[in-house]
Every structure is written in structure tokens, then in C-alpha cells.
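The values are calculated or read from the model by the stated rules, or taken from the named source; none is laboratory data. These numbers come from a predicted model, not from an experiment. Note: ideal-geometry Cβ built from the backbone for every residue, glycine included; neighbour counts use all protein chains shown. These area figures cover heavy atoms from the full protein model, side chains too; ligands, DNA and RNA do not enter into them. Shrake-Rupley method; radii C 1.70, N 1.55, O 1.52, S 1.80 Å.
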Amino acid sequence: MVVRVQRRLHAPWAVRGAHGLSVFGDHAAGWLALGALGAALDARRRSAWVRASAAVLGAHAATVVIKRVLRRARPATHPADTAGIERGGTTAVSVHATTPGRLSFPSSHAASSTAAAVAYGALIGGRGGELVAVGAITPVMGLSRLVLGLHFPTDVAVGTAIGALAGRWAAPTTPDLLRAVS
């Protein structure tokens, strides 16, 4: 699957865009900066922004712990039969970014991005904002991880699930709660 995605999205603009998303999501730093900005600009709901940012950090931290326990290698270093094989037996996954570690499962970028989309989206636009943010951010970040050759689809799927759980923990879920943090 990684190889198929890379063959379809190999254009320089796609790889550059994926790389930009990767840099933004490294260590959840871009998402945490947006949460800090939200807290600074929205004094009435500062505590909700702090809680949302904590969810982003928590999702990232959970994936780091799980990676260290399960120790799944990234696609390019994984056995070729699961990553994709070129004729002749060599792995076909191209790696287009550097990472601080060699562990793949689950995707920290997918987790922190989804947590941010859920929690920040709810703060910005209620349930509708959450759905728009999740629909816009989550698949793009997840796909970028495959384009860069850094994750398997299951890494992204599980990272997304972790992020969704963390984001739901932080996001106001009912109109009454939305008014309470407004």
C-alpha cells in the first residue's frame, strides 16, 4: 500500500507538501503552538484551549510510549514483503524525510493532528467545526506519512484513533458545554 501511494503521489509538489506537514507536526510542535495561540487570543476560553493542547500532547506522548513497547520498524527497514517489493527483491519504499527514530507504530503525527482537529475544531466551530477540521486535516496528514515512506496505513489508522480519543476527551461535546467554555 505504501508503494502504491508513493507511485501515485510522487510529484515534487506532493513530496514537498508532505515534508512541510511533517515538519509542522514534528513532536506535535506546530499543533501545540496553535493551541498556545488560541489560549493567548481567546482569554474567555483559555482553560478550554489549555485542555485541548493537553489532549494534543497526550496523544503524542501515548504514541511514543506505544512505539517503544511494540517496536515496529518503519516501512523502508521492515521486511520487504510487507512494505512492497520491486522486481529483483529490493524494497520499493522511498523515504523522503528524516525522523528522530526508527519506530513506526502508531503514527505520532496522525495522533496529534487528529487530536488537534477534534479539540481545536470544536472550540472554533462547535461540532460542525470539529467535523470540518477532522475532514480536512486528518486524511491529509495521514496520507503525507505514506507519501514520505515513514508509515504503514495501520500506523496512521491507529494513530488517528488515539488522536480522536484524546481530542474527544478535551472537546466540548454538547451545546451546554460549548456555552460554558464560551
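What residue, among those in the range 13-69 that are touching a His at 6+ places or on another chain (Cβ under 6 Å) and under 12 Å from SER112 (Cα atoms), is modelled with the lowest pLDDT? Applying the filter and picking the extreme gives GLY25. Tell me, yes or no, whether the range 120-137 has at least one residue that is in a loop (DSSP other than H, G, I, E, B) and either open to solvent by less than 10 Å² (accessible area, probe 1.4 Å) or not aromatic (Phe, Trp, Tyr) (or both). Checked against the condition, which is being in a loop (DSSP other than H, G, I, E, B) and either open to solvent by less than 10 Å² (accessible area, probe 1.4 Å) or not aromatic (Phe, Trp, Tyr) (or both), the range 120-137 yields no hits at all. For the range 68-77, the set of residues classified as assigned to a helix (DSSP H, G or I) and touching a Lys or Arg at 6+ places or on another chain (Cβ under 9 Å) consists of THR77 only.
When the range 129-158 is limited to residues that are under 12 Å from the mean Cα position of the chain (by Cα) and of a type in the set (D, E, K, R), the one that is nearest to GLY25 (Cα to Cα) turns out to be ARG145.
Considering only the range 76-92, I want to know if a residue exists there that is under 19 Å from the mean Cα position of the chain (by Cα) and either surrounded by 18 or more Cβ atoms within 10 Å (Cβ to Cβ) or at pLDDT below 80 (or both). The answer is no; no qualifying residue exists. Of the helices (runs of 4 or more DSSP H) lying entirely inside the range 1-67, those containing at least 2 residues that are more than 22 Å from ALA122 (Cα to Cα) are 2-8, 12-25. Applying the condition of being open to solvent by less than 70 Å² (accessible area, probe 1.4 Å) and aromatic (Phe, Trp, Tyr) to the range 7-50 and asking which residue is farthest from ALA110 (Cα to Cα) yields TRP49.
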